[in-house]
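These notes are about the structure you will find just below.
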Amino acid sequence: MKMEKITVGNEVNLIENALEKAGEFVALAGIEGKAAIHVNLLVEEVLGMVRAMVEDFSAKFWMETEEGECRIYIDAIADVNRKKRKDLLSVSKSGKNVAKRGLMAKIGEFFEDCFGEYQELEEMGVMDLSYMYTAGISGNTSVNMGYTTWSLSRYRTTISEDAPTKEDAKEAWDELEKSIVANIADDVIVGIKDDRITLTVIKKI
């Protein structure tokens, strides 16, 4: 079963509409009990990430169920116009982003950075998920037919190896333990190909 794709952004009405449509989909898909509670929580977390995005962020949101899984999708196309990003950064006193804490905040930061820096990254030839290191959620990536993916499941297995220090590793584990998404979702996948960025949250039902 597949939900019709709808547009989401950081506007309240778009988020409220998405939450309503998601609730209807969960009911129509026959997801009940604890599974329904978990799926709805994941939707709220994903849309909360979208709500926290910079001004004018826009993406497609939808859900699917198949073979005992519910998948929540955010799909967006990077903005090649870097002027807006620079304008947004210039508003802060330092001209830099404040480091974000929490798994979903860091994934959201990665989305924003990709949009704002897409043109520069493309010119440098590094438009892939190695850039996740700057968001603080590094880990092994997988490349298939030009589509590069980062996943929470792989990230869990590489935290201790990839963290610069033991303190960094401990902080990363603490963030996962406190993350609703990390504790409820069976996997989280961030994929990028060309200028398209996709977030997929998977929950077994």
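Please go through the range 141-172 and pick out each residue that is outside any helix (DSSP H, G or I) and at pLDDT 80 or above.
If the condition is that a residue be outside any helix (DSSP H, G or I) and at pLDDT 80 or above, then 151, 165 are the ones that fit.
Of all residues in the range 173-188, which are part of a strand (DSSP E or B) and either charged (D, E, K, R) or surrounded by fewer than 19 Cβ atoms within 10 Å (Cβ to Cβ) (or both)?
To start, the set of residues in the range 173-188 that are part of a strand (DSSP E or B) comprises 187-188.
Correct list: 187 only.
The values are calculated or read from the model by the stated rules, or taken from the named source; none is laboratory data. Remember, predicted model here, so these are calculated numbers, not experimental data. Counting neighbours? That spans all protein chains shown, and the Cβs are built from the backbone with ideal geometry, glycine included.
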